[in-house]
Amino acid sequence: MAFQFEPSVVVETFPMLMRGLKLTVVITIGGLFFGFILGSIAGLMKISRNILLRKLAGVYIESIRGTPMLVQAMFLYYGVPMALGVRIPPIMAGIIVIAVNSGAYIAEIVRGAIQSIDPGQMEAGRSIGLTRSQTMRYIIWPQAFRRMIPPLGNQFIISLKDTSLLMVIGVGELLRTGQEIVAVNFRAFEVYMAVGIVYLVMTLGIAKALRALEQHLRVLPEK
Amino acid sequence: MIRIENLHKSFGSLEVLKGIDLHVRPGEVVCIIGPSGSGKSTVLRCINRLEEPTAGRIIVDGKDITDPKTNMNLVRAEATMVFQQFNLFPHMTVLHNVTLGPVKVRGLSSAEAEERGRELLAKVGLADKAENYPDQLSGGQKQRVAIARALALQPKVILFDEPTSALDPELVGEVLEVMKQLAREGMTMVVVTHEMGFAKEVADRVIFIDGGRIQEEGPPEAFFSNPENPRLRDFLGKVIAH
């Protein structure tokens, strides 16, 4: 039996895919929101003068970057409840996994951006009587944040795609929804292609929005 | 105003300062000259505690800044620094650069700080640049903003670390002019410089540092016209012939 391309199945199932997409977006944004907080804290700890904080951040960053996100997701969803005796709802587990995972990468983005700021800026801040934390807040962080935007955008795209791995813990996100549709209509070619195109539209959109944002914020001279 | 006693500073095994004693009186302009690597900038940076002294005592405005109990942030605001590389805050307007310290450190309201900031920018000849960003200014203008930023804190002394060394030659004059005006108004200044003309004209006292020690000090007339120390003679010979 010859293969016949049936784009109409996509049209029929499109509302379902969109429901999956909604969850993908919610988990991505929620995960990155907490991931940014977590990453900022870990990144600042990594450059702290306190060796204990540096080590602690180092252990977090290395253990997350050194293990697959799939393992992290399954450990959190299946493993941790066995130890703690509480089940974590899949969506919450998904947000936690994305947050903890992206946080480790964002920590390195934050650390790198802060360290790329001329040490003279810290000295100038201190020399007018600001404390170390005031100088960080008013002088270093705003400059570093602008330099974080391109790599953060990159992380946004990576995390968006990584949410598809959460299908293994039963999160009904975009790919999982596609799989459920295929289980009913067996149109793997059309459905997975549609799923892929939806991801692509999202990531291209993010990339475009970021370019606009970068241009909007005054780009600082590199020195 | 500033009293330095037996200041030593080592970076690892390299001893940069080998016992500096220096006393700066209120209203005095002290210029520090010397070959590069002699430790002259390190002296300034120790006064501001940007560098931690290895040994010795530094008393700024009656406070022993080598005492760990001293609140360094307030001392820094009293003895603020103007840097060779300006170190303006590039993400803030010129005016904001000047008002940040007064608001955050001195507790002025933003209106008061802005008023003072605009006065000081006018004083350094940059009233019309208040809303510009630092990267829209020339080097000389940047350094004049940096001086206004220091003045905005109403410090007891300003430390200048080679303030004209990063400038194109034609821009040096405008910065020196502002510094001369400050000197005339009685500001206490410690200036590390290579501008011998400035030192000769403005300094109350010139100090020659070489090899981590003060080799010679005195009023500029005697200092430049009749140098006794052979290392100073050698140094001046090189600088002036240049």
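The values are calculated or read from the model by the stated rules, or taken from the named source; none is laboratory data. Bear in mind that the values here come from a model prediction, so they are computed numbers and not experimental data. In this analysis, Cβ positions are derived from the backbone assuming ideal geometry, glycine residues included, and neighbour counts consider all displayed protein chains.
See the values below:
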{"item": "The lone exception for B:Arg3 - which of (1) outside any loop (DSSP other than H, G, I, E, B); (2) farther than 28 Å from B:Phe208 by Cβ it fails", "result": "(2)"}
{"item": "Selected residue (criterion: farthest from the other protein chains (Cβ to nearest Cβ)) from residues of segment A:143-161 that are surrounded by 21 or more Cβ atoms within 10 Å (Cβ to Cβ) and farther than 30 Å from A:Pro119 by Cβ", "result": "A:Leu160"}
{"item": "Enumeration of residues in segment B:185-210 that are surrounded by fewer than 19 Cβ atoms within 10 Å (Cβ to Cβ) and closer than 13 Å to B:Pro26 by Cα", "result": "B:Glu185, B:Gly186, B:Asp204"}
{"item": "B:Leu95 vs. criteria away from chain A (no Cβ under 11 Å), assigned to a loop (DSSP other than H, G, I, E, B) and touching a helix residue (DSSP H, G or I) at 6+ places or on another chain (Cβ under 8 Å)", "result": "no"}
{"item": "Residues (of a type in the set (D, E, K, R) and within 14 Å of another protein chain (Cβ to nearest Cβ)) located in segment A:82-114", "result": "none"}
{"item": "Any helices (runs of 4 or more DSSP H) falling wholly within segment A:38-114 and containing at least 3 residues that are over 19 Å from A:Met167 (Cβ atoms) and over 14 Å from the mean Cα position of the chain (by Cα)", "result": "A:51-65, A:80-84"}
{"item": "Test: residue in segment A:193-201 that is closer than 20 Å to A:Ser102 by Cβ and in a helix (DSSP H, G or I)", "result": "yes"}
{"item": "Complete set of residues in segment B:12-36 that are in a loop (DSSP other than H, G, I, E, B) and among the small types (Gly, Ala, Ser)", "result": "B:Gly12, B:Ser13, B:Gly27, B:Gly34, B:Ser36"}
{"item": "Tally of residues being on the phi > 0 side of the Ramachandran plot and either in contact (Cβ under 8 Å) with a residue 12 or more places away in the chain or in contact with a Ser or Thr (Cβ under 7 Å, 6 or more places away or on another chain) (or both) across segment B:16-74", "result": "7"}
{"item": "Some residue of segment A:115-126 being away from chain B (no Cβ under 14 Å), crowded, with 21+ Cβ neighbours inside 10 Å and in contact with a Phe, Trp or Tyr (Cβ under 7 Å, 6 or more places away or on another chain)", "result": "no"}
{"item": "Qualifying positions in segment B:37-67 - within 14 Å of chain A (Cβ to nearest Cβ) and outside any loop (DSSP other than H, G, I, E, B)", "result": "B:Ser41, B:Thr42, B:Leu44, B:Arg45, B:Cys46, B:Ile47, B:Val60, B:Lys63"}
{"item": "Residues being more than 25 Å from B:Glu15 (Cβ to Cβ) and more than 18 Å from the chain's Cα centre (by Cα) - total across segment B:187-219", "result": "2"}
{"item": "Residues located in segment B:68-91, provided they are more than 7 Å from chain A (Cβ to nearest Cβ) and either touching a strand residue (DSSP E or B) at 6+ places or on another chain (Cβ under 8 Å) or not basic (Lys, Arg) (or both)", "result": "B:Pro68, B:Thr70, B:Asn71, B:Met72, B:Val75, B:Glu78, B:Ala79, B:Val82, B:Gln84, B:Phe86, B:Leu88"}
{"item": "Test result for B:Ile147, within 14 Å of chain A (Cβ to nearest Cβ), farther than 13 Å from B:Leu88 by Cα, aliphatic (A, V, I, L, M) and crowded, with 18+ Cβ neighbours inside 10 Å", "result": "no"}
{"item": "Test set (1) part of a helix (DSSP H, G or I); (2) hydroxyl-bearing (Ser, Thr, Tyr); (3) exposed (fewer than 15 other Cβ atoms within 10 Å of the Cβ) - A:Thr24 fails condition number", "result": "(3)"}
{"item": "Count of segment A:19-76 residues which are hydroxyl-bearing (Ser, Thr, Tyr) and at pLDDT below 95", "result": "1"}
{"item": "Selected residue [touching a Lys or Arg at 6+ places or on another chain (Cβ under 7 Å), farther than 30 Å from B:Glu78 by Cα and polar (S, T, N, Q)] from A:Thr177, A:Thr163, A:Thr135", "result": "A:Thr177"}
{"item": "Qualifying helices (runs of 4 or more DSSP H) (wholly inside segment B:104-217; at least 3 residues being without any contact (Cβ under 8 Å) to a residue 24 or more places away in the chain)", "result": "B:110-123, B:169-184"}
